[in-house]
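These notes concern the structure reproduced below.
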Amino acid sequence: MTDRELLEMAAKAIQYEGLRPGADQFPHFPIERKTEHGNWVTWNPLADDGDALRLAVKLNMSLHAALDSGRPPVSARALTGEYPDRRADCSEDHGEDPCAAMRRAIVRAAAEIGRNMKDSSDE
C-alpha cells in the first residue's frame, strides 16, 4: 500500500472526523484538518506527531514502544470500542528515528481498520 493509500484508509477509519478533502479532490489528497486558529493545513500523520497522536486517540489505540533487542522496536495496537471486532497490530523497525516508526505504525493500524470497514461495506 502506498503512503497515499495508507492515509486515505486511515482517514476513512475515523470517518474523516475533523478532516476535509483539500482542493476539491474528495476523497483524495490533500486531506486537511482545521487548526485551533481556524485555518486549514495538510493532514499527514506519517509526518506530523500531532496528527498521529490525534489519530491514535480517535481510534482508542494502545501504543507500545520497545527499544530493546528481542522485541519489535515500535508497535501500535488498535482496539476500538466502536468496532471491537476490528483489530490491527502493526510494528515498525525504528532505525534512526523511533518517532517516525511510531507514526507509521499508528497509520498502518488505522489504515487496516479503514480497509476492513471498506471490505465489510462491500458485502
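Any read-out appearing in this document is the output of simple, stated calculations on the displayed coordinates, not a laboratory observation. This one's a predicted model, so the numbers in the text were calculated from it and none came from an experiment. Cβ: placed from backbone, ideal geometry, glycine included. Neighbour counts: every protein chain shown.
List, in order, the whole-Hz ³J(HN,Hα) value for each residue of the range 104-115 obtained from phi through the Karplus relation with A = 6.51, B = -1.76, C = 1.60 and θ = phi - 60°; use x for Gly and Pro.
So the Karplus estimates, Gly and Pro as x, are 5, 5, 4, 5, 4, 5, 5, 4, 5, 5, x, 5 Hz.
Given labels modelled 7 Å from the Cα in the Cβ direction, how far is it in nm from H64 to D48?
Once both label points are built, they end up 3.0 nm from each other.
Taking the Cα-to-Cβ direction at V57 and at Q15 and moving 7 Å from each Cα, how far apart do the two end points lie in nm?
For V57 paired with Q15, the spin-label model returns 1.9 nm.
Quick one: net charge around D97, please, counting Lys, Arg +1 and Asp, Glu -1 for every other residue with C-beta under 11 Å from its C-beta.
-1
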